[in-house]
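The values are calculated or read from the model by the stated rules, or taken from the named source; none is laboratory data. Since the model is a prediction, treat every value here as computed from it, not as a measurement. Note: ideal-geometry Cβ built from the backbone for every residue, glycine included; neighbour counts use all protein chains shown. To get the accessible areas, we keep the full protein, side chains included, count just its heavy atoms, and leave off ligands, DNA and RNA. Shrake-Rupley method; radii C 1.70, N 1.55, O 1.52, S 1.80 Å.
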Amino acid sequence: VFRTSLPVCNNGVTSIAQYGETLFVAGGDGRIKAVRGQDTVWDVLAENVLESGVTALTPSSDGAEMVAGTRNGKLWRLLSSDLTATLQAATHTGEVTDVSFGASSDVMCTASDAGEVFLVDLSDYMPITTAQSKSPVRSAIITPSGEILAGYDDGFLRAWSSNKRGNSTMLWQVNAHRSGITSVRESPNFIVTGGNDCAVRFWHRQSRELLTQFANHRKPVADLVIDHALPNVVHSGSEDKLVVTYDVKQNKTLVQHLTQGSNITSLSQRKDRDQEVVSASLDGKLLFWDVDYPDPTGCIDSYQGQPVRLRCCEVSPNGRYIAAGTDDARMYIYDLVSCVCIQECEGHSSGVTQVRWSPDQKQIVSAGKDGCVIVWNFFEM
């Protein structure tokens, strides 16, 4: 038999939790109330409103605190007595598309297809600053000057400040590609972008004017690498099976490598053996390319011969190891001296989209389609 109703929030009641005689109710408008009573008489003991709608609410074992999850990807700790909230953790609300480090191993940049760019402090795993846009982000890097450069699906290259806590400020933007940007890299003299329009474009670092462009690829550019030894040389890879090398100073294409069965998804570069470019591909192979030879100079096949689809790879800072992420939610670490897999890492629940080494090589950060960013500790024996 219906007895009474108690209005507690707007946008629906999304979560109810109980500890002792107190009932905690949360709603889609971010409001949380602690109520106590029985039958038709209920008293509101405490109340608070969080930034976004609450999706989950649970009390601690002793009932002194509660944890609330909100739609904007944040976890809050609340005191049960007065519902005072403290931010505990924050994460992306969509697929994490890119991870990058600057010069420091203590700070990293992450981006997602929900339009979020986070500058994250690895000491407490909390965002230092956040840049939000309506368009999905596909690539983001930290420049030596402290800017965050991000490429978006709407074709714009945007620069954000990184020295402001809270919400970041957009410094400038350039309409770089017609169909969205897939990769962004930066050197002291130029910025290079790859896009869904299959073009690789070079921009002046200071004026942001278009310097030159190349259209060698027939499919969207998957990844870009600025050569370690020759800063005017850039390598690009695509699922059209091409690995192309450009010289921006001479304004020409130096070499174009064609693979027979490998759709290129990611590029990196060795620090030994003539600075060879490394490509990851959907057939599970890591191929090594030298500008002086048309065919691959080496190959690392899938771990234990298992057919995996590689999505990303990066050579370690000391050049000894390479980490690769796959569609089967695993990350593999290979020794480039013996060319064998030394570690298989499981943590994601969906495909790995990006892997990055910290500059001090003590950590590897992987990003996934599951919206997770996982930090792995790496110990060299």
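Details
- A search for C-beta distances below 7 Å between a residue of segment 190-203 that is farther than 16 Å from VAL233 by Cα and any residue that is open to solvent by less than 10 Å² (accessible area, probe 1.4 Å) and part of a strand (DSSP E or B), counting only pairs 6+ apart in sequence or on different chains, returns GLY195/ILE181; GLY195/VAL221; CYS198/VAL221.
- Scanning segment 226-276 for residues that are crowded, with 19+ Cβ neighbours inside 10 Å, hydrophobic (A, V, I, L, M, F, W, C) and under 23 Å from ASN318 (Cα atoms) returns VAL233, VAL234, LEU267.
- When residues of segment 134-153 are limited to those that are under 23 Å from ARG311 (Cβ atoms) and out of contact with any Leu (no Cβ under 9 Å at 6 or more places or on another chain), the one most open to solvent (accessible area, probe 1.4 Å): ARG138
Here's the yes/no breakdown for (1) modelled with pLDDT under 90; (2) under 30 Å from THR182 (Cβ atoms):
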residue	(1), (2)
GLY37	no, no
THR40	yes, no
THR55	no, no
GLY69	no, no
LEU79	no, no
ASP82	no, no
VAL96	no, yes
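- Any hit, segment 25-36, residues being assigned to a strand (DSSP E or B), open to solvent by less than 60 Å² (accessible area, probe 1.4 Å), without any contact (Cβ under 8 Å) to a residue 12 or more places away in the chain and of a type outside the set (Asp, Glu): no
- Just one of the numbered conditions (1) farther than 20 Å from SER161 by Cβ; (2) in contact with a Ser or Thr (Cβ under 9 Å, 6 or more places away or on another chain); (3) open to solvent by 30 Å² or more (accessible area, probe 1.4 Å) is not true of PHE202: (3).
- Tally, over segment 330-366, of residues that are out of contact with any Lys or Arg (no Cβ under 8 Å at 6 or more places or on another chain), touching a residue at least 40 places away in the same chain (Cβ under 8 Å) and outside any strand (DSSP E or B): 6
- Residue check, SER81 more than 20 Å from THR353 (Cα to Cα), assigned to a loop (DSSP other than H, G, I, E, B) and more than 13 Å from the chain's Cα centre (by Cα): yes
- Lone unmet requirement of (1) surrounded by 14 or more Cβ atoms within 10 Å (Cβ to Cβ); (2) free of Cβ contacts under 8 Å to residues at least 12 places away in the same chain; (3) of a type outside the set (Lys, Arg) for THR169: (1)
- Out of ALA103, ALA114, ALA68, sole residue that is of a type outside the set (Phe, Trp, Tyr) and assigned to a strand (DSSP E or B): ALA68
- Residues of segment 314-329 that are assigned to a loop (DSSP other than H, G, I, E, B), small (Gly, Ala, Ser) and either more than 20 Å from the chain's Cα centre (by Cα) or over 19 Å from GLN275 (Cβ atoms) (or both): GLY319, ALA329.
- In the set (1) modelled with pLDDT under 90; (2) open to solvent by less than 70 Å² (accessible area, probe 1.4 Å), the condition left unmet by GLY12 is number (1).
- In this entry, TRP160 is excluded by the filter for residues that are under 30 Å from ASP274 (Cα atoms) and open to solvent by 10 Å² or more (accessible area, probe 1.4 Å).
- Residues of segment 277-321 that turn out to be of a type in the set (Ser, Thr, Tyr), open to solvent by less than 80 Å² (accessible area, probe 1.4 Å) and free of Cβ contacts under 8 Å to residues at least 12 places away in the same chain, as a count: 0
- Pair list, Cβ < 8 Å and 6+ apart or interchain, from segment 216-229 residues that are within 17 Å of ASN263 (Cβ to Cβ) to residues that are small (Gly, Ala, Ser) and open to solvent by 20 Å² or more (accessible area, probe 1.4 Å): PRO220/SER179
- The residue of segment 195-240 that is nearest to LEU254 (Cα to Cα), among those that are touching a Cys at 6+ places or on another chain (Cβ under 9 Å) and part of a loop (DSSP other than H, G, I, E, B), is ASN216.
- None of VAL99, VAL120 is farther than 28 Å from LEU78 by Cβ and β-branched (Val, Ile, Thr) except VAL99.
- Sole residue being more than 26 Å from CYS313 (Cβ to Cβ) and assigned to a strand (DSSP E or B), chosen from LEU87, LEU119: LEU87
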